[in-house]
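Data first, discussion second: the structure below is written as C-alpha cells.
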Amino acid sequence: MALVNDAADIVFANRALALVCGSEPDALVGRSLADALPALAEEVDWSQAARNAIDRGRTLRIARYELGPSLHVDCRLGPLADADVASPLALLTLDDVTEAVGLEARLLRQARTQAIANLGDSVAHEIRNPLNSIHMNMQLLREGLAKDPPDKPRLEKTATTVQREIKRLDGVVRDFVQYSRPPALRLELGSINHVVRAALDLLDAQIQEKDLRVDIDLQSSRPIRMDRDRLQRAIYNVLLNAVQVTGREGSIVCRSRDETRRCLLEIGDDGPGIDPNQSRHIFEIFYTTKAGGTGLGLPIANRIVEEHGGRMAVNSKPGHGATFAFFLPYDGPPSSMDSGPTVAGSNA
Ligand SMILES: Nc1ncnc2c1ncn2[C@@H]1O[C@H](COP(=O)(O)OP(=O)(O)OP(=O)(O)O)[C@@H](O)[C@H]1O
Ligand SMILES: [Mg+2]
C-alpha cells in the first residue's frame, strides 16, 4: 500500500508495494504513481483518480493490474480517514485477485460453451422444421406417384411446398452465416436518406398491396462513413417488420436528423407494438413471434449497426405501434461499441 497526495505523488510506500514496483520503499517517496506503476500510466490518470477519491470521500476501484501470469491485483484508492484537511492524502491498496480472475475466466469459458450449445439447439430447431416438412411432403409425392393415374395438380402442389421449404432452409443458413461471420465492411461516405429510400423501394410491392401510408421526413444532411449495402440490409429488416405488423392502410414513419456527432434514424409503425416482456428478447437470435419468422432480422440489423460503431433502440407502447431508432456516428467505426440495444416502453 501507499499514501499519495492529491497530485498522486507517493508520500509513503510499504515493502509490498516496493516489491511490486521493483524498488525500495524509501526510493518510492516523492515519485508519482504514474512513474512507479508505468504499466498503468497510459490507462489511468492517477492525479485525477487521487483527487476523485479524496473529493468523493470513498474508495474507488481504479484498475485491475496484471503483474504477471500468476498475479493479478485490483488497485483501489480511497481517502485517508485522519488526513490533515489542508493536505489531504489518499490510500492506495493493491488486493491480490488472482484466484477471482481465474474463476472469472473459467466462468466465461463455461458461459461461452453454454452459449454455443444454445445456439446449436436453435440452429438445429430452425433446420429441423423445414427438413421435417420436406420429408413428409416427399412421402406424399411418393404415394401420389404410385397412384394410377397420378393426381397431377396435387403432386404439383406438394412439389411446390418442397421447393418453398428448401428455399426457407437456404434463407436460414444464409442469414445465419451472415450473422455469425459477417464480411468486412466496405466503408465509404454516403447519405442515410438514400439508403432508407433504397430499402423502401425494395418493399414497394408489399407497401402498395397493403395500401400503407409512408411518411418520409428525412432531414439528415451530413454524410456517414458506411457500408451502404449492409446498412440497407439493417434498415430493410426493420422496415420489413413494420410492413409485416401493420394492418391494411396502416402507416409507417421514417425520420432522420443530425445530432452532434451522430445521425438519428427512426422507423415507426402503428402496428400492435411490443409487449414489455417480449421487447427484451427481440434482438436475440431466433426469437420470433411470427409463424414463418426466423428471428434473425433484428439481430442482423443490430449487428450491422454495431459494426458501424452505432447502436439501436426500440420504444413501444403495446397497442400504439413501435419505433426503432438507429444511432449512427458520422465517423463510422470504431466508437461507442460498448452497449447492446436499448429497450424502452410502457404499458400505458
Ligand atoms: N415493428 C414491430 N412491431 C411489433 N413487433 C415487432 C416489430 N419488429 C419486430 N417485432 C417483434 O420482434 C420479433 C423479432 O423480429 P425479427 O425481425 O428479428 O424476426 P422475425 O421478423 O420474427 O423473423 P425474420 O425477420 O427472421 O423473418 C418479431 O417476431 C416480433 O415479435
Ligand atoms: Mg423480421
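The numbers here are math on the coordinates, done by the rules we state, and not lab data. Computed from a predicted model, the values in this text were never measured in an experiment. Note: ideal-geometry Cβ built from the backbone for every residue, glycine included; neighbour counts use all protein chains shown.
Some values worked out for this structure:
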quantity: Estimated FRET transfer efficiency when R0 is 25 angstrom, pair residue 156-residue 127 (beta carbons, to 0.05); calculated: 0.45
quantity: Beta bridges per DSSP with both ends in segment 188-345, % antiparallel, nearest 5; calculated: 70
quantity: Cβ crowding within 10 Å averaged over residues, with 206-216, 155-165 ranked highest first; calculated: 155-165, 206-216
quantity: Helix axis angle, 98-146 relative to the chain longest principal axis, alpha carbon, degrees; calculated: 0
quantity: Expected 222 nm ellipticity per residue - DSSP helices of 4 or more, -39500 (n - 2.57), all of the chain, to 500; calculated: -14500 deg cm²/dmol
quantity: Hits among aspartates and glutamates - C-alpha to C-alpha of residue 167 under 15 Å, sequence gap 8 or more where chains match; calculated: 126, 175
quantity: For segment 98-200: rounded, prolate or oblate by the Cα gyration tensor [a/c cutoff 1.5]; calculated: oblate
quantity: Net charge of Cβ neighbours under 10 Å - reference residue 227; Lys, Arg +1; Asp, Glu -1; calculated: +2
quantity: Cα gyration tensor shape of the chain, rounded if a/c is under 1.5, else prolate or oblate by comparing a/b with b/c; calculated: prolate
quantity: With Cα atoms, 0 to 90° folded angle of helix 152-180 axis to the chain main axis; calculated: 10
quantity: Per principal axis, descending, Cα span of segment 2-96 in whole Å; calculated: 39, 25, 21
quantity: Computed magnitude of the charge dipole of segment 2-96 (debye, nearest 20; Cβ of K, R +1, Cβ of D, E -1); calculated: 220
quantity: Positive-end extreme of charge dipole, the chain - chosen from 278, 25, 38 (charges on Cβ); calculated: 278
quantity: Net dipole in debye of the chain [+1 Lys, Arg Cβ; -1 Asp, Glu Cβ; about Cα centre; nearest 20]; calculated: 1420
quantity: Neighbour net charge for residue 71 - beta-carbon separation under 13 angstrom, K R +1, D E -1; calculated: -4
quantity: Net charge contributed by nearby residues that have their C-beta within less than 10 Å of residue 248 (K/R +1, D/E -1); calculated: -2
quantity: Using alpha-carbon coordinates, inclination of helix 228-245 to the longest axis of the chain, degrees; calculated: 60
quantity: The chain: relative contact order in percent, alpha carbon pairs under 8 Å with at least 6 residues between; calculated: 10
